[in-house]
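Have a look at the structure below, then the notes.
The values are calculated or read from the model by the stated rules, or taken from the named source; none is laboratory data. On a predicted model such as this, the values are computed, not experimentally measured, just so you know. Virtual Cβ from ideal backbone geometry, glycine too; neighbours counted across all protein chains shown. Areas reflect the complete protein model, heavy atoms only, side chains present, ligands, DNA and RNA absent. Shrake-Rupley method; radii C 1.70, N 1.55, O 1.52, S 1.80 Å.
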Amino acid sequence: MKAVGIIFSNIHDDAVPELARIRTLGSIPFGGRYRLIDFPLSNMVNSGIDTVGIITKSNYQSLMDHVGSGKDWDLARKDGGVIILPPFGDTSSSSLYTSRLEALKGITSFLFRADEEYVVMTDCDSISRINYRDVIEYHIRNKADITLVYKKYENGTYSAKNATTFDIEDGRIVSVNYKEKLNDKYSNVFTNIFVMKKSLLQNIVMDSISHNKRHFMTDVIAENVDALNIMGFEHTGVYEAITSLQAYYDSNMKMLDANVRHEVFGDRSVFTKIRDSAPTKYGNSAIVKNSMIADGCIIEGEVENSILFRNVKVARGAVVKNSIVMQNTVLGENSSLNCIIADKNVTIRDRKVLSGSENHPFYIGKGIMI
């Protein structure tokens, strides 16, 4: 039951253009010390998948720096391990791929070299904890051709637009729907996780090349719900879709809930790149309430309901509330942030007051001084 993993690092960059303008979606920081790619990559490792190809597209320098040799995920191996798959790998086309199927066309040699029987494909657009081994066993038990993982939402609990949903009968997917807004009592929302035999995926990719097909869901899945046995596997654990800047903000804020945080990080099996930072220093005037603080910070002001990444400096008199402050950001004396997403290396000068709202957080780009 050996499987090879494929992670798409760029597929949903347009969902969070503010954060993905200078990096891949997979490189977006999350939860104080992680990147979005840490979650699918850790899920792969925890499921016994030790050969993982990461398909890139553009702006992937920070992704390569973060993943490196894969040693922090125990994937620094002579055989298998983690493999960065840049664009233009196996195609004569000089243009970047625009869809999942086009991306797969560019890694045909990687697929043919892999000797695993099954393939698990996933994206970097969610915070989830899932054992892919359970999905593969379900796939085999139901003699499925393709298994797609979905999350069931009640009406109004999934806010993203343009969701892909399934109609399911006795576990089998009978139709694929694309909805701008979910108004059904229950909706089976696709989590962008696929399981199938590697030989079938190879055939799909080669057929798509010969027939100039471009989109995996519309040209392969939706067109073959009758011809293929396509099963749905319900994921009942935590799943936070990063479909917008608002969703990114909300998902981070949920990590301040101890129950959610324990479900995501409780067993310490979400791995990330280890950095040697000094412990956080709290000054005599520091006040910190209900916040996640990474290593290397210096806090002399007040922090409440916020997430601070490594090496953030909060000067005396500064107040940070309901905000996400990324690495190496400096807040001057008597400055104030409320409902702010500050990217890396931001400088907020003394006595500056910036405020968004919980329903519309304000974003400050990387390296900006205010």
Filtering strands (runs of 3 or more DSSP E) wholly in the range 284-370 for at least 2 residues that are of a type outside the set (A, V, I, L, M) and at negative phi gives 302-304, 336-338, 362-364
Of the residues in the range 256-269, those that are surrounded by fewer than 19 Cβ atoms within 10 Å (Cβ to Cβ) and of a type in the set (A, V, I, L, M, F, W, C) come to 256, 258, 260, 265
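Identify, from the list 317, 365, the residue that is in contact with an Asp or Glu (Cβ under 8 Å, 6 or more places away or on another chain), among the small types (Gly, Ala, Ser) and in contact (Cβ under 8 Å) with a residue 60 or more places away in the chain.
On the way: 317 fails: in contact (Cβ under 8 Å) with a residue 60 or more places away in the chain.
Going through 317, 365 in turn, just one is in contact with an Asp or Glu (Cβ under 8 Å, 6 or more places away or on another chain), among the small types (Gly, Ala, Ser) and in contact (Cβ under 8 Å) with a residue 60 or more places away in the chain: 365.
Restricting to the range 253-271, what's the tally of residues that are within 23 Å of residue 305 (Cβ to Cβ) and outside any helix (DSSP H, G or I)?
In the first step, residues of the range 253-271 are kept if they are within 23 Å of residue 305 (Cβ to Cβ); the result is 253-266, 270.
Next cut, outside any helix (DSSP H, G or I) only: 255-257, 266, 270.
Adding up the residues that qualify gives 5.
Looking at the range 190-247 only, could you name the residues that are closer than 30 Å to residue 362 by Cβ, among the aliphatic types (A, V, I, L, M) and not in a helix (DSSP H, G or I)?
So in the range 190-247, the residues closer than 30 Å to residue 362 by Cβ come out as 191-192, 238-247.
Filter again for among the aliphatic types (A, V, I, L, M), leaving 238, 241-242, 245, 247.
Residues satisfying the conditions are 238, 241, 242.
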> Any residue at all in the range 203-212 that is open to solvent by less than 50 Å² (accessible area, probe 1.4 Å), at pLDDT 90 or above and more than 26 Å from the chain's Cα centre (by Cα)?
Replying inline: no
Exception for residue 75 within (1) touching a residue at least 40 places away in the same chain (Cβ under 8 Å); (2) surrounded by 18 or more Cβ atoms within 10 Å (Cβ to Cβ) falls at (1)
Please determine whether any residue of the range 286-297 is in contact with an Asp or Glu (Cβ under 6 Å, 6 or more places away or on another chain) and open to solvent by less than 60 Å² (accessible area, probe 1.4 Å). yes
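Here are some residues: 217, 255, 196. Which one is touching a residue at least 24 places away in the same chain (Cβ under 8 Å), of a type in the set (A, V, I, L, M) and touching a Lys or Arg at 6+ places or on another chain (Cβ under 6 Å)? Show your work before the answer.
Working: 217 fails: touching a Lys or Arg at 6+ places or on another chain (Cβ under 6 Å); 196 fails: touching a Lys or Arg at 6+ places or on another chain (Cβ under 6 Å).
Testing whether each residue is touching a residue at least 24 places away in the same chain (Cβ under 8 Å), of a type in the set (A, V, I, L, M) and touching a Lys or Arg at 6+ places or on another chain (Cβ under 6 Å) leaves just 255.
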Residue 250 passes all but one of the listed conditions (1) open to solvent by 40 Å² or more (accessible area, probe 1.4 Å); (2) over 30 Å from residue 307 (Cβ atoms); (3) not in a loop (DSSP other than H, G, I, E, B); the exception is number (2)
Of the residues in the range 24-60, those that are open to solvent by 40 Å² or more (accessible area, probe 1.4 Å) and within 17 Å of residue 275 (Cβ to Cβ) number 1
For this session: Please work out if residue 328 is surrounded by fewer than 21 Cβ atoms within 10 Å (Cβ to Cβ) and either more than 27 Å from the chain's Cα centre (by Cα) or closer than 25 Å to residue 275 by Cα (or both).
Result: yes
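Report yes if residue 222 is open to solvent by 20 Å² or more (accessible area, probe 1.4 Å) and without any contact (Cβ under 8 Å) to a residue 24 or more places away in the chain, otherwise no.
Numbers: open to solvent by 20 Å² or more (accessible area, probe 1.4 Å): yes; without any contact (Cβ under 8 Å) to a residue 24 or more places away in the chain: no.
In short, no.
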When every residue in the range 272-291 that is within 16 Å of residue 310 (Cβ to Cβ) and small (Gly, Ala, Ser) is compared, the one modelled with the lowest pLDDT is 277
Taking the range 234-243 and keeping only residues that are touching a helix residue (DSSP H, G or I) at 6+ places or on another chain (Cβ under 7 Å) and open to solvent by 40 Å² or more (accessible area, probe 1.4 Å), one is left with 243
